């Protein structure tokens, strides 16, 4: 079992989706996250262990390499793809309660901004680290964020913006969310923002990379 | 009228324009509003921007068409207006530039990733072809493909513009300084890789825009020059990185800060210098004065 799970974590780290995928070249012809997850379930491995001992270590390793600029967006996307393929097998077990996610993360790109690459990347990394992710899409208003928070008490909210022209909308959205549901934690990210901006707009956390958000959630959600 | 590369071959340093997005906002563009739609609904305001850069002394002016591809316009349900909006964009800048200055038709990324199968190469090619042709129809001299981070998308855009218009094709990518001090795009492309690949794809001018102020752009120009001594280089630098204060985003580098680095970036090998986010006609005016004095 440990062997299967360590192989699975490698598939996640290196973005090996399934047997047919030619990427990465050094794993060509081998089983991918798809086959190994299926096999593990068929062999009776606990779905919770597949998540925490297979998927999560792989996601953590790619997250750290990304933060250290040893890999870039394409490699992380392939890892995320491998991870979502594995998650498809695990979904029924989350729904039945046989496996539990650590908490809920609500993410969206703020009003006026249609960019979603960074937001998707963060969503996939957070999911791969054991959280339920509710993706509200792009151009998301305060009202939509607030509705989602009300439906998911204790969820942490992530706001994304790419443009210097839309980052300003983060301030109002952060305030609206905190007015409507006091105590909600808001973390922000995106090319133009930084920790100084985070403090000025009253958000709780800024992270320059997805791994930072995962670490923030791990610290805040227990 | 001669071509941009002919002017560069004569040894001239050319000045491009400054920011458009931040300028449109100052004129009242609201969050969620499509900037390209202004080419039809508020052409006078768009013309003012183009003209202010021409008046500042720029040798060339871009068009208000950065997000004018099918995919981006679809986000505003304006995908049926690709031709109309891009042609109008070029016509407005042409009117400001007259016959003596160049019009660069701005083409930005689609926001769709080939890697994630969100789009096919053929769909990208068609989107860039349609946009470039409309910009040419409106009077663009060159197509400037900019803010690219994915080399494949950039190459497809270069080929689509090159194979379907008579315009000169310029392509600039956006680099970040990574922890090692080297430059890479979000997708991991270095200035060296960009240079080899885009020259091969047929770009006649390459370079960098956005993401950096002048200081780091100098490092990017040096890297490009190290592996290619001849390819003309265009730089559209930010006025530094944005600061946020009292509900407003400001950029730290003043016109004289920017102008103060012009000599150094030319010595590094840049041929065309202009601005991106946060730069204004005042920045371009001071850059022009330095270039003239050299």
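Using the basic label-point model (7 angstrom from Cα toward the beta carbon), what is the residue B:250 to residue B:137 distance in nanometres?
So the label points at residue B:250 and residue B:137 sit 4.4 nm apart.
Using the number of other C-beta atoms within 10 angstrom as an exposure proxy, rank A:64, A:213 with the fewest first.
In increasing order of surrounding Cβ atoms, one gets A:64, A:213.
Determine the equivalent ellipsoid of the range B:1-107 by diagonalising the alpha-carbon gyration tensor, then write out the semi-axes as square roots of 5 times the eigenvalues, largest first, rounded to whole Å.
26, 15, 11
Which whole number gives the average count of other chain Cβ atoms within 10 Å of the Cβ atoms across peptide A:165-178?
Whole-number average of other-chain Cβ neighbours for A:165-178 is 2.
What is the gain in length, in nm to one decimal, between residue B:226 and residue B:192 on full extension, counting 0.36 nm per residue of separation less the C-alpha to C-alpha distance? Walk me through the intermediate numbers first.
Numbers: separation 34, 0.36 × 34 = 12.24 nm, distance 0.85 nm.
Between residue B:226 and residue B:192, full extension yields 11.4 nm more.
Note the angle between two axes, namely the Cα long axis of helix A:142-151 and the longest principal axis of the Cα atoms of chain A, as a number of degrees from 0 to 90, rounded to the nearest 10.
50 degrees
Taking neighbour counts of Cβ atoms within 10 Å as a proxy for exposure, in what order, fewest first, do B:110, B:250 appear? Could the numbers behind the result be given before it?
Working: B:110 24, B:250 14.
The most exposed by this proxy come first: B:250, B:110.
Suppose a student asked you for the relative contact order of the range B:4-293, using Cα pairs under 8 Å spaced at least 6 residues apart; what percent would you report?
Working: 631 pairs, mean separation 56.1, N = 290.
Reported relative contact order: 19 percent.
By how many nm would the segment from residue B:74 to residue B:180 grow when fully extended, if each residue of separation counts as 0.36 nm and the alpha-carbon distance is taken off?
Difference between extended and current length: 34.3 nm.
Could you put B:52, A:195 in order, starting from the residue whose Cβ has the fewest other Cβ atoms within 10 Å?
The most exposed by this proxy come first: A:195, B:52.
Quickly rank B:111-121, B:164-174, B:68-78 as a protection proxy: mean count of other C-beta atoms within 10 Å, highest first.
The packing order, highest mean first, is B:164-174, B:68-78, B:111-121.
Can you list, bin by bin at 20 Å, the percent of alpha carbon pairs in the protein assembly as shown, starting at 0?
P(r) over the protein assembly as shown, rounded to whole percents: 22, 53, 23, 2.
Residue by residue through B:26-33, how many Cβ atoms from other chains fall within 10 Å of the Cβ on average?
Mean inter-chain Cβ contacts per residue within 10 Å come to 3.
Need the full-extension length gain, residue B:163 to residue B:267, defined as separation in residues times 0.36 nm minus the C-alpha distance. One decimal, nm. Write out the running numbers ahead of the final one.
Values: separation 104, 0.36 × 104 = 37.44 nm, distance 3.32 nm.
That works out to 34.1 nm of additional length.
What percent of all Cα-Cα pairs in the range A:2-96 falls into each 5 Å bin, going from 0 up to the bin containing the maximum distance?
3, 16, 27, 25, 17, 9, 3, 1
Percent of Cα-Cα pairs more than 22 Å apart in chain A, please. Walk me through the numbers before you get to the answer.
Values: 12257 of 24531 pairs.
In whole percent, the long-distance tail amounts to 50.
Given labels modelled 7 Å from the Cα in the Cβ direction, how far is it in nm from residue A:96 to residue B:9?
If labels sit at residue A:96 and residue B:9, their model points lie 7.3 nm apart.
Bear in mind that the values in this text are calculations on the coordinates, not laboratory data. Since this is a predicted model, take the numbers as computed values, not measurements. Counting neighbours? That spans all protein chains shown, and the Cβs are built from the backbone with ideal geometry, glycine included.
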